[in-house]
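Note sheet for the following structure.
Please treat every number below as a calculation from the coordinates, not as lab data. None of the values given here were measured: they were computed from a predicted structure. For neighbour counting, all protein chains shown are included, and Cβ atoms are generated from backbone atoms with ideal geometry for every residue, glycine included.
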Amino acid sequence: MATENATPATLALTRLTETSRTRIGKYRVVGLLGRGGMAEVALVVAGDREATSKLLVVKRILEEHAADPEFVTMFMDEARLALRLNHPNVVQTFEVDSEEHVPFLTMEFLAGQPLNKMMLSERSRHSSMPLAMKVHLVSQWLQGLQHAHTLCDYDGTPLQVVHRDISPHNLFVTYDGVAKVVDFGIAKAAGRMQQTQAGISGPKGKARYMAPEQARNEEVDHRADVFAMGIVLVELLTRQRFWPLNIDEISLLLELFHNRIPSFIPPEGLPPGLTAIVQRAIAPDAADRFPSAEAFRLALDDLCLQEGFRVSSAEVAAWMKESFSLDRERLQEQIRQALARLNAPASAPAAPPEAAPEPAAVPPAPSRHLPLLLGALTVGVFLGGFALSRTRVTRGDGQALPSASAALAPPPASAEPPAPSPAPLVVSATPAPSASASATPGASARPVAPASPVASSAVRPGRPRPAPSPDPSPRQPPPLFLP
């Protein structure tokens, strides 16, 4: 048996809850609107661009019931029936799809309030809705029911739809002043895959709005919905519950089983014609009720003509906006913020924190002795180069070798074969003798090793060897040996 909070589609669309789910099928999830015993309802947006997006509602079976064939069959029966319904006073269903084997259906987004919230607000604010407006709304809901009751299959076969769950929770009024019948989840219809057999499963619907034959789990027809709509009208007129609040469900079903219902006590000032209409609508015996929702509606329309009741959708919209202005603004702000988050560009991955810059190296202060050191270094380099320039390099036969610049110069072209390599070089620290010294008798000559066929690679044959200049300096450098 359905409970008053079991159907998420009947929850007031006045609050939006954030959810971790980002997509359902091809739709982007804006937020969660409600959750019931069988399904959850989410506000989604169709389209990837803000300018072309449209708000819709997705009713999705709960994942814990997705593997239950009975739940899935019931959900698919509702979806197939909902797709066939097309009336201004019935919530519009656009498509049925599935995601990861979990079915869902897409419906129009209704910004407004269910009747149970409207009645609660009316009692808390001590300001009653005008009588003509109440009759007008019931007449609109009856038009939607009549459309469902007379729905036929594609071949013209009547589907014999019975809502079976008419209550203030499933009767909706938009902020534009349009009355809608919602949630055909447990509706009875010919051709449903899942059928309720009498005596096997319990009665479907809410006990407080259930017809006696429905409580007895008998076969029901359109007049069960007429009875439920009659109780809704009673509660609108009296601003009280039809059944006592302290009665439990078992006792209530027992009263219905025996065709016992509370008596309707009309409020003061109620037109007698309206009292008669109510009493006929809630007759315990189905044969005494209006035969159809259309007959019920026509009786109300005749009453409106007699009493001069004239109500437009614009007047209903004005009353709704005045009564629920805060709820409406709150919902609009929640949707605005949710859409802003949804349409915000994807944030780039956070860059790693920048390392703190290393402190710049501070050059040491120049020393006051630096000029002296540079001068000494320059003098040392000059003296060393001068000493090397005065060094005599000789071969084993006593002949002087050319200077470094001459050794590095390319040899002249010659047709002669290359001479054999000279012997290893010996660098002598003895300065080359001058012309006067070589003529002095008695001068001792340094023995020189005989010539060797191996010559230094530094000597290039065929080039003239300039004679070393005399070294006037008496200081002798240390011997230098080249391997």
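Numerical summary
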{"read-out": "Subset of 59/321; 26/180; 188/321; 117/204; 26/134 violating a 32 Å alpha-carbon distance limit", "value": "188/321; 26/134"}
{"read-out": "Peptide ranges 304-311, 91-98, 143-150, 103-110 listed from the most packed, as the mean C-beta count within 10 angstrom indicates", "value": "143-150, 103-110, 91-98, 304-311"}
{"read-out": "C-alpha center-to-center spacing [the range 263-292, the range 118-187] in angstrom", "value": "18"}
{"read-out": "Relative packing of 178-187, 113-122, 58-67, which averages over residues the other C-beta atoms within 10 Å, highest first", "value": "178-187, 113-122, 58-67"}
{"read-out": "Most to least packed among 234-241, 325-332 [average Cβ atoms within 10 Å]", "value": "234-241, 325-332"}
{"read-out": "Difference of contour (0.36 nm per residue) and Cα-Cα distance, residue 216 to residue 249", "value": "10.5 nm"}
{"read-out": "Volume per residue that the Cα convex hull of the range 8-339 spans, once the total is divided by residue count, Å³", "value": "150"}
